[in-house]
Each structure stands twice: as C-alpha cells, then as structure tokens.
Amino acid sequence: MLKITTYNGVTRFDLARTLAGRGRYWTTAYLVDTGCAHSAAELVQALAGERLVGIVNTHSHEDHIGANGLLQRQRQGMEIRAHPLALPVLADPRGRQPSHLYRRILWGWPEPSQGRPVSDGDVIETDHYRFQVVCTPGHSLDHICLYEPVQGWLFSGDLFVGGQDRALRADYDVWGIISSLKRIAALPTTMLFPGSARVRRNPAGELAAKIAYLEEMGAQVLALHQQGRSVDEVSRALCGGPMLIEAFTLGHFSRRRLVLSYLGMNASASPPGPFS
C-alpha cells in the first residue's frame, strides 16, 4: 500500500505491506530510503517517468532499503549512498540481517544493491539542494540524517519519529540516540521529515521534549538498578504492563530491552526474560 503527499516541494511516500485490506506498520521514504520489499513494486510504479538520480539510505534496516535493488536494476547505474557500515547489508540483506519472523512478515527480504559510502560532513548535491550528512548512531550504528541548511529541512530517518518510548529493539543504544538527538536539535530546522509518523514544522520543542523524556527515564532506570531492583522489576515500574509488540516480536522489541540499553547490556544475545 502506498500514499503520496507533497510538502513544500518534498514528496513523501508512505509505504506498508497490505494485510487484510489495510497497511500494516507504515514506513516512509522521500527518495531518502525506499521502504520495504513488500511495497517495492508500488514505489517503482509511482516513480515511473520521474527523473531519479540517486537514493540515500539513512540506515540499513530492511524497512528502509526494500526497493533499492529493484530500482537499481531498472535504472542502470543509479547511485545509492549510505554509511560505510550499511554497505555490506545492502549487498547481502539476507546474509547480514537477522531473520526474525515478524520482520519477514512486515517487511520481507530486500533485493541486494550496491552503494557508495558517505561520511559525516559530506555534502550530497542535487539540481537545487545541498544536503549535509550528519552521522547519528543509536537507532543503528550506521544511521545518518540529512540536513538542507538553506531550506532548514531535516530528514531524520528513525532517529526521531516522536512519542514517548516504553520499549526498544535489541541492539539499539539509547544513550547513543540521546547524543544524536542533541546533535540534530542544535541545527536550525524548519521542517523535520521522519522515517515514519507525521512531518513536524519547527520541531525544536518536540526534540527538546524527547531528549528530556529519555534522559529522565535513564536517571530513573539507573536509580532503581542501584537500589538492587532487577531488570524486569525496573521494566514494570517505569514502563507499565505488557505490550502487544513484545509478544509479536517474541521479546526482540520490549520494555526490557529499553532498560537493558540504559544499563549498557542491550545485545541481541542477552536473555529475553518474561513479558510480564
């Protein structure tokens, strides 16, 4: 399923797999990222006849690189740029991405694609704009944002999508997320285009609120842990009762993972623990 919206010259593609007649777990592309494999054909069709000189991936998660391979096959020589750590995943998504069942259901397997590396501070130029690459690890080690200083546009990928997190996925680094959020919050931004959720105008207040929330949560996690409370006790005390996403992802995305990340222990191999 695909929806197209335009914001002051920026075209937004909201993409999702269609299940039971509805789009499930939407992701967003702006020709920054390409959505998931299940919606790749729809995106390619929507771009038919459009001039497309290249794509930038904010990171290598499969819901952001899903149409890379198909677009690159159909448009010979089209350039894809991403963080150096993302390039091996782009080249071999099946071999490099964990094969959790929920991820295959929601997003599928991307086709392989070939990319070129970008570094912090690089400038990617189009006919009308100059986008600065801002390395923003936390959501993933290979995460970048793109900033257009003249327009004040910030493409934040999955670093900022809003809301108050009560759960986190395995391998996310919440302290890295906070540090990266502080970095983009310092940029004069008029419009923020996230990797899902709504576009924000003048997002400084929301960015500051997100940082404050995550820092306050971290202080509470550390205080309770120092009192001798277990990870699961801290999870229940600060994040409330069980969440559907915990059962659906078999604990890969959970309240417990959020607490473990604050404690510096959120590796994939850590035991999942109960969902209570």
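Residue by residue, here is whether (1) buried (at least 16 other Cβ atoms within 10 Å of the Cβ); (2) without any contact (Cβ under 8 Å) to a residue 12 or more places away in the chain; (3) aromatic (Phe, Trp, Tyr); (4) more than 30 Å from Pro98 (Cβ to Cβ) holds:
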{"site": "Val133", "(1), (2), (3), (4)": "yes, no, no, no"}
{"site": "Thr189", "(1), (2), (3), (4)": "yes, no, no, yes"}
{"site": "Gly195", "(1), (2), (3), (4)": "yes, no, no, no"}
{"site": "Ala223", "(1), (2), (3), (4)": "no, yes, no, yes"}
Quick one: would you say Val174 is in contact (Cβ under 8 Å) with a residue 40 or more places away in the chain and at negative phi? yes
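Looking for whichever is surrounded by 17 or more Cβ atoms within 10 Å (Cβ to Cβ) and at pLDDT below 75 here; the options are Ala16, Ala20, Ala37, Ala86. Which one fits? Can you show your working first?
Details: Ala20 fails: surrounded by 17 or more Cβ atoms within 10 Å (Cβ to Cβ); Ala37 fails: at pLDDT below 75; Ala86 fails: at pLDDT below 75.
Ala16 is the lone residue from the list that is surrounded by 17 or more Cβ atoms within 10 Å (Cβ to Cβ) and at pLDDT below 75.
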Being touching a residue at least 60 places away in the same chain (Cβ under 8 Å) and under 18 Å from Cys135 (Cα atoms) is the filter here; which residues of segment 72-101 pass it? Ala82, His83
Looking at segment 54-64, can you tell me whether even one residue there is under 19 Å from Tyr147 (Cα atoms), assigned to a strand (DSSP E or B), at pLDDT 80 or above and in contact with a Phe, Trp or Tyr (Cβ under 9 Å, 6 or more places away or on another chain)? yes
Quick check on Ala29: is it under 17 Å from the mean Cα position of the chain (by Cα), of a type in the set (Gly, Ala, Ser) and at pLDDT below 75? yes
Restricting to segment 149-174, what's the tally of residues that are over 18 Å from Ser254 (Cβ atoms) and either in contact with an Asp or Glu (Cβ under 9 Å, 6 or more places away or on another chain) or surrounded by 21 or more Cβ atoms within 10 Å (Cβ to Cβ) (or both)? 8
Residue list for segment 143-177, filter: in contact with a Pro (Cβ under 6 Å, 6 or more places away or on another chain) and of a type in the set (Val, Ile, Thr): Val161
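Could you look through segment 89-131, keep only residues that are of a type in the set (S, T, N, Q) and modelled with pLDDT of 90 or more, and pick out the one that is surrounded by the most Cβ atoms within 10 Å (Cβ to Cβ)? First the steps, then the outcome.
Restricting attention to segment 89-131, the residues satisfying the condition of being of a type in the set (S, T, N, Q) are 97, 99, 113-114, 119, 126.
Remaining after also requiring modelled with pLDDT of 90 or more: 113-114, 119.
Values: Ser113: 24, Gln114: 13, Ser119: 10.
The qualifying residue surrounded by the most Cβ atoms within 10 Å (Cβ to Cβ) is Ser113.
Could you list, in sequence order, the residues of segment 36-53 that are of a type in the set (A, V, I, L, M, F, W, C) and either closer than 18 Å to Leu106 by Cα or in a helix (DSSP H, G or I) (or both)?
Step one: list which residues in segment 36-53 are of a type in the set (A, V, I, L, M, F, W, C), which gives 36-37, 40-41, 43-44, 46-48, 52-53.
Within segment 36-53, Cys36, Ala37, Ala40, Ala41, Leu43, Val44, Ala46 meet the criteria.
The values are calculated or read from the model by the stated rules, or taken from the named source; none is laboratory data. Because the structure is a prediction, the values reported are computed rather than measured. All Cβ positions, even for glycine, are placed from backbone atoms using ideal geometry, and neighbour counts span all protein chains on display.
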